[in-house]
1. Apply the a/c threshold of 1.5 to the C-alpha gyration tensor of the stretch 1-46 and tell me whether it is rounded, prolate or oblate.
2. Cβ neighbours within 10 Å, averaged per peptide: list 90-102, 5-17 in order, most packed at the top.
3. What does the charge count near MET75 come to, summing +1 for each Lys or Arg and -1 for each Asp or Glu among other residues with Cβ under 14 Å from its Cβ?
Amino acid sequence: MQYDSSHYYYQILIDNNRVVWSNYANLKHVTGDFAEAYDNYIKPQYKRKFSLNETDYFVPMLMVYGGQTKTAIQMSRDKIAEVGSTPGFGWYNIALARGYLYDGQLDSCNFSLIKQRILKSCTSIQPLHNRIMNLLLMYCAYK
């Protein structure tokens, strides 16, 4: 992937006030600039009712990277309690499972993954990533 050109074109979008901050945060996330990713995830975003909010999925991941697993777990729990079983529920359960896994709570990790699999949250965002993360977390939980 040509990240240099991605940065170039995102700068044009930023300069013209046309950037979607969560998308830009995703770029920063995948290129390893976690502080910048966090700053952009928490910027005000357009939120639709009954849709996945990327901020509420990715910020707990950044918390895990920083060793703040309890914060990640609580953020994910709060979001699941807020939205119930609406679109995104499966993603938020993956985020919760990740927090539990890195906190050493393997039974809770497995329970979150089971809930996610049973409901099979239908999303159009990166379905392959969803499957890969689910399998990876299950493998780690049982290892």
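Each value in this text was obtained by applying a stated rule to the coordinates, not by laboratory testing. These numbers come from a predicted model, not from an experiment. Glycine also receives a Cβ, built like all others from the backbone with ideal geometry; neighbour counts cover every protein chain displayed.
1. Numbers: a/c = 2.22, a/b = 1.06, b/c = 2.10.
Oblate.
2. Details: 90-102: 25.2, 5-17: 11.2.
My ranking of the peptides, most packed first, is 90-102, 5-17.
3. Details: positive: LYS70, ARG77, LYS79, ARG98; negative: GLU54, ASP56, ASP78, GLU82, ASP103.
Here the count lands on -1.
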